[in-house]
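So the structure is just underneath, and the comments pick up after that.
What follows draws every value from the coordinates through simple rules; no lab data is involved. All values reported here derive from a predicted model rather than from experimental measurement. No Cβ is skipped: glycine too gets one built from the backbone with ideal geometry, and neighbour counts run over all protein chains shown.
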Amino acid sequence: MAFIDIVLEPPGYGWQDENGNLIKPTNRQILKEFFYRQNIFRTKKNWMNFLGWFWVICLTPFLVLFFVKYFSWWLCLVGFIYSMVIMGSHGTIWYHRYGTHRAYSFKNKFWRFITQNLVIKVIPEEMYIVSHHVHHGKSDQPGDPYNANCGFLYCFLADTNHQSIAKNLSREDYERIKVFIDHTGVTPNTYEQYQKWGTIANPFRTITSTLLNWVFWYGTFYLIGGNALACTIFGWAVLWAVGVRTFNFEGHGKGKDKRQEGVDFCWDDMSINQYWPGYVAGEWHNNHHLFPNSARAGFLPHQVDLAWCYVYLLNMLGGIKSFNNSKQVFYEKYYLPYIKEKQAGGKSVKDAA
């Protein structure tokens, strides 16, 4: 069995049956698994599953205060831009392209720390990065932690049900899995601590760093615009924290083949390029699956990539040591041959795939 097959804790309903076929659990089974893994009284090893949704609950009162006390259309615009564009792009910049794929490297720890804490923190690195490696290794196949073929709820609750690391890793395998996040600055547990907490990250350090991040950003926004601005931005952060959990279901066609010839060029899975996540977060998802290690995913002229803009700007400022940009390879290997084939009246790329 490959290492990628054992790094995640299988859900109670399993990934696949004895014949290797994908198991599609009912919504009832998914919800039962969700509450089972949220229960920190059953085992302390559920702490990270619990924390992900606990942060959402903690942010929700700010959203209520915004609507009840501070509502204005101007602040709506501010909250929308912050949650959808700034937090969305940061998710691509930090968790996706750097955290998972190491598409670029920082010159030093200072720039890494600034990028890591560029926005309000709501997702532990471990929860995103390890499972996303599995997603790329098993896209739309049994074992994909957010397999769109299993429906919306399967993907929406994946952070709790499917993204936790395995709890019974050997010392050797635990040392291997630590490498997945060793570049992010997260101090890993010892093997003995892992056996106690069931995670790479330590709960006390994780909670402390998140609270310090919140204190800094609330204070900053308060100094700029008082409680009104601070409550607005913290409240709208909920919308991103919840909305990001819907992305992979949408980004893989909701379980259907929605790839379009001339728009999508990766035919190995069901990922698709979409305008909304592309423009607000640089998440041209099919392009990304084609070149996962590229710091740039917006290759065509209309594919604005704000995440790439940040990486490029930071490189100009001297904060980036190196980066991968696959735009030229994309044109040479995929786009220009496609245009030439279409002009010659050749066979559809989709049909050929």
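Using a Förster distance of 25 Å, how high is the FRET efficiency between residue 71 and residue 220, based on the Cβ-Cβ distance and rounded to 0.05?
Details: r = 22 Å, r/R0 = 0.87.
The value I calculate is 0.70.
Quote the FRET efficiency, to the nearest 0.05, computed for residue 39 versus residue 321 with a Förster distance R0 of 35 Å and r equal to the Cβ-Cβ distance.
Working: r = 43 Å, r/R0 = 1.24.
About 0.20, to the nearest 0.05.
Largest GNM mean-square fluctuation among 37, 296, 205, using the chain with Cα springs under 10 Å: 205. Please check: in the Gaussian network model of the chain (C-alpha springs, under 10 Å), which one of 287, 19, 49 has the largest mean-square fluctuation. The residue that fluctuates most here is 19.
What is the Cα convex hull volume of the range 1-156 when expressed per residue in Å³? Mind showing how you got there, number by number?
Details: hull volume 25.7 nm³, N = 156.
Spread over its residues, the Cα hull of the range 1-156 gives 165 Å³ apiece.
With R₀ set to 35 Å, the beta-carbon distance separating residue 85 from residue 18 gives a calculated FRET efficiency near 0.15. Could you tell me the distance between the Cα centroids of the range 97-170 and the range 254-316, to the nearest Å? So the separation of the two Cα centres works out to 17 Å.
Under a 5 Å amide H cut-off, with hydrogens placed 1.01 Å from N, residue 165 pairs with 9 among residues at least 5 apart or on other chains. For the range 1-61, applying the loop criterion from DSSP together with a ceiling of 14 other beta carbons within 10 Å to the chymotrypsin sites (Phe, Trp or Tyr not before Pro) yields 41. Full extension of the segment from residue 6 to residue 302, taken as 0.36 nm per residue of separation minus the current Cα-Cα distance, would add 102.6 nm. Normalised by 2.2 N^0.38 Å, with N the number of residues, the alpha-carbon radius of gyration of the chain equals 1.01. Extending 7 Å from Cα along the Cβ direction at residue 341 and again at residue 107 yields two label points whose distance is 4.3 nm.
Taking 172, 18, 192 as the candidate residues, the one with maximal mean-square fluctuation in a Gaussian network model of the chain, Cα springs under 10 Å, is 18.
Could you tell me how many cubic angstrom of Cα convex hull volume the range 83-192 has per residue?
On the way: hull volume 13.8 nm³, N = 110.
Each residue corresponds to 126 Å³ of Cα convex hull volume.
Label 7 Å along Cα→Cβ of residue 192; the range 19-47 residues with amide nitrogen under 19 Å? Only 45 pass the distance filter.
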